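The values are calculated or read from the model by the stated rules, or taken from the named source; none is laboratory data. Quick caveat, the model's predicted, so the values are computed rather than measured. All Cβ positions, glycine included, derive from the backbone under ideal geometry; neighbour counts span all protein chains shown.
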Amino acid sequence: MDENPRDRNDRAERERRKRNIALALALGGIVILFYLMSIVQWHENTGH
Amino acid sequence: MAVTDTLSYPRVTTVGDFFALLKPRVMSLVVFTGLAGIIVAPGHVHPLTAFTALLCIALAAGASGALNMAYDSDIDGVMTRTATRPIPMGHIRREDAMAFGWAIAAMAVATMWLFVNELAAGLLAFTVFFYVVVYTLGLKRRTPQNIVIGGLAGALPPAIGWAAVAGNLSLAPIVLVAIIFMWTPPHFWALSLWRCEDYARAGVPMLPVVKGKRATRIQIFIYALLLAPLGIVPAFIGLGGMLYLVLSATMGFWLLLEALATLREKDEVREPAAKRLFGVSLLYVFVPFAALIIERLFHLPPLWT
């Protein structure tokens, strides 16, 4: 498929933004999971 | 990002390309058998701990898939079945897939270690190692027994799920692992019967390529013959109830019938019996494991205590 270099770079920029958002969401999910799991473990260890 | 960076790629890498690297269909089967292990295991863990264990199993399975695609990208490009994967299509660089796979695998094992237990984390690490190093890098291109031995990696998720809850292993999870281990050869050899030329072109020594289709049909039948009785064992070790026994016996019988049809197959071009066997083998894992989950969720008693 022939694509105008300018269009291609625009599309590359959009995809890069989408990748960054997906990465941010994944990292955010991990942070929330670690936070919640830390609370669960703290409760289990202290018998609350 | 510099213009030259984007121009050096045949196509822009999308989020979907990374998702495809995780082999979502294979992952779903692994997650399902892992979930069965979590649910049927004795003991109790916080639901969030169970969710974390399942997430780690899913991520490790996805990472193994990504690493398999990275290390096998040369043969994937040759085979019709795998030619449209992201790396041979030029959507993702092999090195990026490797970094992605190893990073996710490390994160999954570390998270399992931190928040679940050491045994589950150790088994998870062993599973990734076995699939990527032993199967993909070691066995796959060297022996027709590649999927037999390599099948251990795909068989371990119920034991990982069990270990995540119980903190130990016993006969029951080992039997579940044995069932999936014995299921793997008829499943993949059925596929290889009608993809034989694909594997031969790529130089992968699958059983039909090395020993011929006749030998493969006999081996499939032998494994199905061993698998059918093994499949009902959970009903006699205090794991499965009446529902499990009926469904696993029915599925075992059905699998055996399809294996027999594959043994007698005359159409070596279209291989309709092998295609049916492949479909039934997928059901064979799903149905009995679903029965185990349903029995435990609805507190149905095991047949033998």
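List of remarks:
- In the stretch B:181-225, residue nearest to B:I149 (Cα to Cα) [restricted to those that are in contact (Cβ under 8 Å) with a residue 12 or more places away in the chain and β-branched (V, I, T)]: B:T184
- Helices (runs of 4 or more DSSP H) completely within the stretch B:1-118 that count 2 or more residues being in contact with a Lys or Arg (Cβ under 6 Å, 6 or more places away or on another chain): B:24-40, B:47-71, B:73-76
- Screening the stretch B:66-107 for residues that are β-branched (V, I, T) and within 14 Å of B:T13 (Cβ to Cβ) and picking the one that is farthest from the other protein chains (Cβ to nearest Cβ) gives B:I87.
- Qualifying residue in the stretch A:23-32 (condition: in contact with a Ser or Thr (Cβ under 9 Å, 6 or more places away or on another chain) and either surrounded by fewer than 13 Cβ atoms within 10 Å (Cβ to Cβ) or more than 8 Å from chain B (Cβ to nearest Cβ) (or both)): no
- Residue in the stretch B:191-198 that is among the charged types (D, E, K, R) and assigned to a helix (DSSP H, G or I) present: yes
- Matching entry among B:V210, B:V204 (being crowded, with 21+ Cβ neighbours inside 10 Å and modelled with pLDDT of 95 or more): B:V204
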